[in-house]
Amino acid sequence: MHPADTMGQSRKGAEYGFAFLDEDAKRELRRSIFKAVCIPGHQVPYASREMPIARGFGTGGMQLTLALLGPQDCVKVIDQGADDSVNAANIRNFFALTCPGVTGTLRTEEASVIQTRHRIPELPLRANQILVFQVPYPDPLVVVEPNAATRRRMHGRADYARLWVKLYEDMVAFDEITISHRYPTRINGHYIIDPSPIPRWDVPKLHQAECLYLFGAGREKRIYAVPPHTDAVPITFNDVPFRVEDFTDRKIGKRHVCRRCGADDSFLDEFLNDDGARVFQCSDAAHCDMRLERLEAAE
């Protein structure tokens with residue numbers, strides 16, 4: 001695979017049909033997407049095609065995005081909030097090579113289709129935007145039931161008793177539910193989904209959203225969806241409220257802020273700087289850059 005220099009400009013000599021996949025594959029993917037939208041949270045099987053990257057590196061999300069893109073679209077690719085990671089950059093270059101006419105962007109508000117790995121953008125998405133998730137493991141029941149046929153029956157009956165027991169065992173052992181990502185979430189009052197390895201911070205964004213959320217698991221060959229204006233409720237006990245990550249510094253009793261833009265209302269990544277001190281920075285790079293632009297314009 002030869003990466004393109006810019007979106008919509010393929011290298012000379014590369015000959016692909018638009019969006020790489022053949023038309024039959026794209027039609028099959030779109031039918032599966034329609035079914036997933038009509039039955040929110042239901043895992044729809046599909047014939048996952050071979051892609052020029054290994055399964056497990058985002059092939060499910062790539063196939064969904066390729067089936068959705070048209071020449072009028074603008075696409076953004078993020079990896080845990082970053083646009084410049086190896087995963088995001090290579091997938092973006094692949095779209096550039098195979099989707100002539102499609103424009104690329106690093107700005108969330110400009111994109112019509114956003115492909116993501118493990119994050120939902122901080123900026124609320126609009127009704128005319130679609131967020132496509134790369135999903136490693138689509139079934140939350142796999143931790144309590146190894147047999148796939150049994151899991152399908154359990155989903156159909158909304159039988160999640162064993163999953164509740166797993167959460168209760170967490171409470172008994174640790175006094176809290178210890179799931180930090182992939183938090184089980186009930187969709188439209190029935191199916192419980194694995195919302196991809198997004199942090200708890202992002203789970204409430206699934207609830208009654210304006211945009212369409214699509215989840216593609218290439219290795220497991222499953223597609224599911226959370227349509228707009230759909231209930232998405234993280235499961236928890238009545239006396240144990242769901243809570244998101246807390247970035248409060250216990251020593252001073254104040255919340256950590258982003259070292260670049262000063263944001264105190266975004267999901268932060270923690271790392272060590274050159275002198276070994278702990279620092280925090282917005283996980284969503286586009287959100288951080290947008291805040292910096294506003295701060296510079298206000299000066």
Discussion item. If I filter region 28-50 for residues that are surrounded by fewer than 21 Cβ atoms within 10 Å (Cβ to Cβ) and over 25 Å from Pro227 (Cα atoms), do I get at least one hit?
Written reply: yes
Response to the item:
Note: among Asp275, Asp246, just one is part of a loop (DSSP other than H, G, I, E, B), of a type in the set (Asp, Glu) and over 25 Å from the mean Cα position of the chain (by Cα), namely Asp275
Discussion item. Condition first: crowded, with 21+ Cβ neighbours inside 10 Å and over 17 Å from Tyr183 (Cα atoms). Now tell me which residues in region 131-165 satisfy that.
Written reply: Leu131, Val132
Practice prompt. Having 2 or more residues that are closer than 18 Å to Leu64 by Cα is the bar; report the strands (runs of 3 or more DSSP E) wholly within region 127-232 that clear it.
Written response: 130-134, 212-217, 222-226
Discussion item. List the residue pairs whose Cβ atoms are under 7 Å apart, where the first residue sits in region 273-293 and is among the small types (Gly, Ala, Ser), the second is not in a loop (DSSP other than H, G, I, E, B), and the two are 6 or more positions apart or on different chains.
Written reply: Ser283/Leu268; Ser283/Asp269; Ala285/Ala82; Ala286/Thr108
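Matching residues to (1) within 21 Å of Pro121 (Cβ to Cβ); (2) modelled with pLDDT of 95 or more; (3) of a type in the set (Gly, Ala, Ser); (4) surrounded by fewer than 16 Cβ atoms within 10 Å (Cβ to Cβ):
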position	(1), (2), (3), (4)
Thr230	yes, yes, no, no
Phe237	no, no, no, yes
Gly253	no, no, yes, yes
Val257	yes, yes, no, no
Cys261	yes, yes, no, no
Worksheet item: surrounded by fewer than 18 Cβ atoms within 10 Å (Cβ to Cβ) and assigned to a loop (DSSP other than H, G, I, E, B) - does that describe any residue in region 279-295?
Response: no
Worksheet item: In the list Ile193, Ile177, Ile187, Ile91, which residue meets the criterion of being more than 21 Å from Arg55 (Cβ to Cβ), β-branched (Val, Ile, Thr) and at pLDDT 95 or above?
Response: Ile187
Worksheet item: Does region 12-49 hold any residues that are within 22 Å of Ala148 (Cβ to Cβ) and either assigned to a loop (DSSP other than H, G, I, E, B) or β-branched (Val, Ile, Thr) (or both), and which are they?
Response: Ile33, Ile39, Pro40, Gly41, His42, Gln43, Val44, Tyr46, Ala47, Ser48, Arg49
Discussion item. Going through Gly61, Gly156, Gly101 one at a time, which residue ends up being without any contact (Cβ under 8 Å) to a residue 24 or more places away in the chain and out of contact with any helix residue (DSSP H, G or I) (no Cβ under 7 Å at 6 or more places or on another chain)?
Written reply: Gly156
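The values are calculated or read from the model by the stated rules, or taken from the named source; none is laboratory data. Source: prediction; values computed, not measured. Don't worry about glycine lacking a Cβ; one is built from the backbone with ideal geometry, like all the others, and counts go over all protein chains shown.
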